[in-house]
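The values are calculated or read from the model by the stated rules, or taken from the named source; none is laboratory data. This structure is a prediction, so every number in the text was calculated from the model and none was measured. Note: ideal-geometry Cβ built from the backbone for every residue, glycine included; neighbour counts use all protein chains shown. Surface accessibility is based on the protein's heavy atoms, side chains included, excluding ligands, DNA and RNA. Shrake-Rupley method; radii C 1.70, N 1.55, O 1.52, S 1.80 Å.
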Amino acid sequence: MSQVNCLNFLRLALVLSIFALTTTSIFSQTTTTNLKDPTHIQIFLDVTQKIRCICLPSLPIQACSFNMCSASAYLKNFIENQIKAGMNSDEIVYKMEHGFGDSILKDSVVLHFQETGNQGMIDSLVYGFGDKILAKPDSTWINLTLIFLGVLGLTGITFYFKIFKKKVPSKIDPTNTHTTEEIQKKIKDWENSV
């Protein structure tokens, strides 16, 4: 791979990386819900945008999938239950921060946490998670870190190819020029010797 091709490849990879990171952050703002009422869905989207993911604190819970964080998936179900009970967005966010009290101990999600022995989540729901549960919408540092690591990796690949290309000896000697007749004579000599 020539140096020009490597540089073009690096440029293309950088542009694609930036595109992928920006589109990922745009499309990661969607989530699924079992709610059917459009008002309930809007409340759910509002709450899940303001609360952070339990496992990946840099993301709002809205962007957490079950594969990424099962605790956050159960919290989404808990939020749905609170919406069905008649709470609005501000109430749920406030109570996630300051606690719902003992009234939620019969909630199906809390009962699941009891069955699995997750007393920490139960206590956090009853007494509150504190202000650390609030989502910080700025994921700039994570995106910049990923871009930096991508550029660093591509730079490493480029240097690898430069070093590898220097170590492999060329089998073609550009100073050794032969005419067609000389090449044909060498082929005939080789055929006769075999």
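Observations on the model:
- Candidates K95, K76, filtered to the one that is touching a Ser or Thr at 6+ places or on another chain (Cβ under 7 Å), open to solvent by less than 80 Å² (accessible area, probe 1.4 Å) and under 20 Å from K132 (Cβ atoms): K76
- For segment 33-62, taking the residues that are among the hydrophobic types (A, V, I, L, M, F, W, C) and open to solvent by less than 20 Å² (accessible area, probe 1.4 Å), the one that is farthest from I122 (Cα to Cα) is identified as L35.
- Condition met for I157 (surrounded by 13 or more Cβ atoms within 10 Å (Cβ to Cβ), hydrophobic (A, V, I, L, M, F, W, C), in a helix (DSSP H, G or I) and modelled with pLDDT of 75 or more): yes
- Residue count for segment 45-58, restricted to those that are farther than 14 Å from K132 by Cβ and not β-branched (V, I, T): 3
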